[in-house]
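The values are calculated or read from the model by the stated rules, or taken from the named source; none is laboratory data. Everything numeric in this text was worked out from a predicted model, so none of it was measured. Note that we place each Cβ from the backbone using ideal geometry, even for glycine, and neighbour counts take in every protein chain shown.
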Ligand SMILES: Cc1cc2nc3c(=O)[nH]c(=O)nc-3n(C[C@H](O)[C@H](O)[C@H](O)COP(=O)(O)OP(=O)(O)OC[C@H]3O[C@@H](n4cnc5c(N)ncnc54)[C@H](O)[C@@H]3O)c2cc1C
């Protein structure tokens, strides 16, 4: 999968901090903006997150290109409603590239099964091409494509929704593909808004698991898992 953070609110942390400060300060917003130090920004953001005053965090938005995830993954992703998505259409776009697909490691590890998987993808892709050749529209031909088929999607999410996404989808209970996507996104935003995202991730990063009986046996170590998905 390919993930790139292409745009984000300039000075995302300062933007959030000013929005929060305006609520409680008699000074005007411009004056606050011009006088707020980096230390003050950090302190205020830490306070907001700890206290649960998350609405000010919505002022920072982030736009990603996500390419090469499966339709399984994109279906899970778009369940997160407080975001904007633009996904390459299988109705209007005839797939012209060679066959590509996402293969789960569990199948890839077994040679005979991965061969069957590949044959199936090839068959469905051949049928798709055959339908197109016989004047079936892309929107109908696509019914034979598998869930493993790759897609690309542009996502814009504000920091509050991203924090929520990272809590749910970086968790070991989330499926491996969306988990990998979430960690790669987290690594990108940590670089540009380190204070907002300093404790982002599954609830176990904060020392408590919210999964109860469904708790995983091996909670990830924060540094190691972020390192794993760095690229
Ligand atoms: C491990 C895991 C397993 C899952 N398994 C399944 C499954 O088996 N079947 C299934 O259907 N889904 C499943 N899901 C998807 C899950 O149910 C949610 O749809 C998805 O995680 C989006 O989360 P959300 O609704 O909290 O958040 P978002 O849509 O990201 O919204 C963020 C928050 O905004 C608020 N909000 C958003 N919309 C509304 C609204 N209409 N009314 C009130 N408040 C709102 C809520 O507080 C919500 O938490 C699974 C998710 C995970 C992480």
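Data overview
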quantity: Counted residues, region 92-116 - those being touching a residue at least 40 places away in the same chain (Cβ under 8 Å) and surrounded by fewer than 12 Cβ atoms within 10 Å (Cβ to Cβ); calculated: 3
quantity: Filter result for residue 37 (surrounded by fewer than 18 Cβ atoms within 10 Å (Cβ to Cβ) and in the same structural domain as residue 180 (by TED's automatic domain parsing)); calculated: yes
quantity: Hits in region 178-187 - residues which are surrounded by 20 or more Cβ atoms within 10 Å (Cβ to Cβ) and touching a helix residue (DSSP H, G or I) at 6+ places or on another chain (Cβ under 9 Å); calculated: 178, 179, 181, 182, 183, 185, 186
quantity: Residues being on the phi > 0 side of the Ramachandran plot and in contact (Cβ under 8 Å) with a residue 24 or more places away in the chain - total across region 193-214; calculated: 1
quantity: Residues satisfying the stated conditions in region 42-70, i.e. surrounded by fewer than 17 Cβ atoms within 10 Å (Cβ to Cβ) and assigned to a helix (DSSP H, G or I); calculated: 42, 43, 46, 47, 50, 51, 55, 58
quantity: Residues of region 126-140 that turn out to be in contact (Cβ under 8 Å) with a residue 24 or more places away in the chain and touching a helix residue (DSSP H, G or I) at 6+ places or on another chain (Cβ under 6 Å), as a count; calculated: 2
quantity: Matching entry among 190, 217 (being more than 12 Å from the ligand (Cβ to nearest atom), within 17 Å of the chain's Cα centre (by Cα), surrounded by fewer than 19 Cβ atoms within 10 Å (Cβ to Cβ) and without any contact (Cβ under 8 Å) to a residue 60 or more places away in the chain); calculated: 190
quantity: Test: residue in region 152-173 that is away from the ligand (no atom under 16 Å from the Cβ), out of contact with any strand residue (DSSP E or B) (no Cβ under 9 Å at 6 or more places or on another chain) and in a loop (DSSP other than H, G, I, E, B); calculated: no
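Condition check ((1) in contact with a helix residue (DSSP H, G or I) (Cβ under 9 Å, 6 or more places away or on another chain); (2) over 27 Å from residue 40 (Cα atoms)) across all residues:
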position	(1), (2)
193	yes, no
197	yes, no
207	no, no
224	no, yes
